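As structure tokens, the structure follows; a few thoughts come after it.
The values are calculated or read from the model by the stated rules, or taken from the named source; none is laboratory data. Quick caveat: nothing in here was measured; it's all calculated off a predicted structure. Note: ideal-geometry Cβ built from the backbone for every residue, glycine included; neighbour counts use all protein chains shown. These accessible areas exclude ligands, DNA and RNA; they are computed on the full protein's heavy atoms, side chains included. Shrake-Rupley method; radii C 1.70, N 1.55, O 1.52, S 1.80 Å.
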Amino acid sequence: VYSVKRLIGRTWDMEEVQRARRALPFELVEGPKQGVAVVARGETYVLPEISAFVLRRAKAVAESALGEAVDRAVITVPANFNDLQRAATKLAGKLAGLEVIRIVNEPTAAALAYGQASGQAERIAVYDLGGGTFDITLLDLSGNVFEVLATGGDTALGGDDIDQLIAEQMALFFLKTFRVDPRSDPLARASMRARAEVLKVALSSKDESSVELNDVARGEGGAFLPATFSMRRADLERIALPLVDRTLDTARFSIETIGLRVEEIQRVILVGGSTRMPLVVSKVEGYFKKPATGRVNPDEVVALGAAIQASALTRTSRGKSVRPPANAEVARKPATGSTPPASGLPATGSGLPPVLAPYDSVPPPAPPPMPWEEEDTLTVPSVPPPEMPDDFVAELALPRVPALPTATPAKKPPPPPVRRLPAPTVKTRIVPALQDPAPAVAARLPSERPEPTLAPRPAPLLIDVTPISLGVETAGGFCDFLISANTPVPCDRTRVFLTASDGQTSVVVKVAQGESQRFGENTLLGDLHLTNLVAAARGEVHVAVTFEIDVDGILNVRAKDEGSGRETTARLHMVGTQADAVDVQAMLVRQTRHEIS
């Protein structure tokens, strides 16, 4: 079972899932809650279970090397993973017996590993092309502060797609030479896919290479057909060029979105095994107009960054690891005045009444400041929240569909630079670390040399962003965005909703992630159910709903009845990945059937 990382957190009816279903040699079926499952050895596993097997193996390797139990982990994910995919990743960690103390975006982890070795203040772009996904992330590095400016990507584009293109060429070779199509046999497809990757790697250092395909297709009598498939690097680059161009289109859009020019990026870092292809290197260097940096191993740089982050999140005391408090590394004070006017929502087919009543009163007061600890803090200016237009509600009701963002044509002048906002107020802890002592004088005896001393050294501070906008469905099928893409995390936004009928005690709201103004064109996360509201006349109950994205990029929801000051029940019924206690227990039982060593 392979290449399911790009499918985790997706629903069965998505195009990417159906395309993978036709291409992969193992069986994919629809799982619980519209999710995706794999049938292997007579058992059906949801995708977080497959990832859990991988994590259990990594856990076993770590425990063998350290000689002690490992029960916590920092896990990296593609920067463009949505909330469903991040939640599924956390579930995989739980099934593997790991407490996931942080989820870090892969390009951010790579920048962390690079920045620790560089120590320079510069603006960088991390171009991450792995096996299953592509990410582009723009960061400002300054000392121990790593601030993400923007991120984008494609969770269904990577080296696996190039392998599939090569495998298709192999199938055409059999059709032309032997009039046999091996693609009807799952084992043959798997064999061609494996040989395709071998050939791709060889063509990264050779102009031409070949592989033996003697166990792929059978001829008359059932005997395997002897075959040798050869390919030139020029042919590989011809079929792979459209995929590489897609990555550059994504990079171009991400850069222009924040008003930057390519010339303002001082360095480009290549991450992921697929960046070893000469075609990728030449195209990236041609677009950014500068040599790309591959000083850190592109296959290991993400793991190195995750290890650095794990070290920053833990403390050592007499050799024992101490768990950090929640959000100890980065926490922001809630922005004041960040509550926009109320919105109305239509019914969503669940039978629960909608909230449609207009609301023109003053937004509710900002929540009280968070209780800050005074020790070991670092404060920088805060980012003021975006101002909402006076006609915000009226605009939502307009029957118009703004065009989706597209890549800017080459001849179109670059967009005007946008005003850069100051960095948000953040909090970090200073983690003591060993520092190299001063070199000893040669004349001293070993016993006279000074002992190494502990010196304060600031831990790396990550200021990451949410890659995808978060919104709710409004009247007419439009999407009301609560949190926009590239908003620094953790963050929260609040909307005030009103009851639309007398005696109404519950409401349902559809939640999605995406950039389209049409709600249906975005990725549905699930339904938000608000219950236990005070029964009152229409429009008299004001419910403040807060969407909060934590440092892992995962959505949390709070709701409050403003009239009574009482918290209401708010549960997001997520699509595809939500598992209750019974489901998790069944998954854990299936995990225990297979020993990992």
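Before moving on, here are some points about what is shown:
- For residue 506 and residue 245, the difference between the fully extended length at 0.36 nm per residue and the C-alpha to C-alpha distance is 89.1 nm.
- Accessible area in the full protein assembly, largest first, 1.4 Å probe, for 33, 289, 510: 289, 33, 510
- Debye equation applied to the C-alpha atoms of segment 462-530, log10 I(q)/I(0) at 0.19, 0.23, 0.24, 0.26 Å⁻¹: -0.79, -1.03, -1.08, -1.18
- When the pairs 5/176; 176/200; 176/283; 59/206; 33/200; 510/560 are compared against a 26 Å limit on Cα-Cα distance, 5/176; 176/283; 59/206; 33/200 fall above it.
- Taking every protein chain into account, the accessible area of segment 9-151 amounts to 36 square angstrom per residue (probe 1.4 Å).
- Taken along the Cα-to-beta-carbon direction at a fixed 7 Å, the label points for residue 181 and residue 597 span 4.5 nm.
- Surface share of carbon and sulfur [accessible, 1.4 angstrom probe, percent] for segment 1-66: 51 percent
- Close amide-amide hydrogen proximity is noted between residue 466 and 486, 487, 489, each under 5 Å apart and 5 or more residues distant or on a separate chain (H modeled in the peptide plane; Pro and chain starts excluded).
- Full-stretch length increase - residue 212, residue 168 - with 0.36 nm per residue and alpha-carbon distance subtracted: 14.3 nm
- Alpha-carbon centroid distance for the pair segment 218-296 / segment 1-56, whole angstrom: 26 Å
- Rounded accessible area of residue 542 (nearest 10 Å², 1.4 Å probe): 50 Å²
- Length available on full extension from residue 290 to residue 228: 0.36 nm per residue minus the Cα-Cα distance, which gives 18.4 nm.
- Carbon plus sulfur fraction of accessible area for segment 87-173, probe 1.4 Å, in percent: 46 percent
- Model label sites at residue 60 and residue 556, defined 7 Å from Cα along the beta-carbon direction, differ in position by 3.5 nm.
- ³J(HN,Hα), Karplus 6.51/-1.76/1.60, whole Hz, each residue of segment 546-563, x for Gly, Pro: 10, 9, 10, 9, 7, 5, 8, x, 9, 7, 10, 10, 10, 9, 9, 7, 5, x
- Calculated FRET value between residue 71 and residue 121, using beta carbons and R₀ = 30 Å, to 0.05: 0.20
- Each Lys and Arg Cβ is given +1 and each Asp and Glu Cβ -1; about its Cα centre, segment 139-228 then shows a dipole of about 460 debye.
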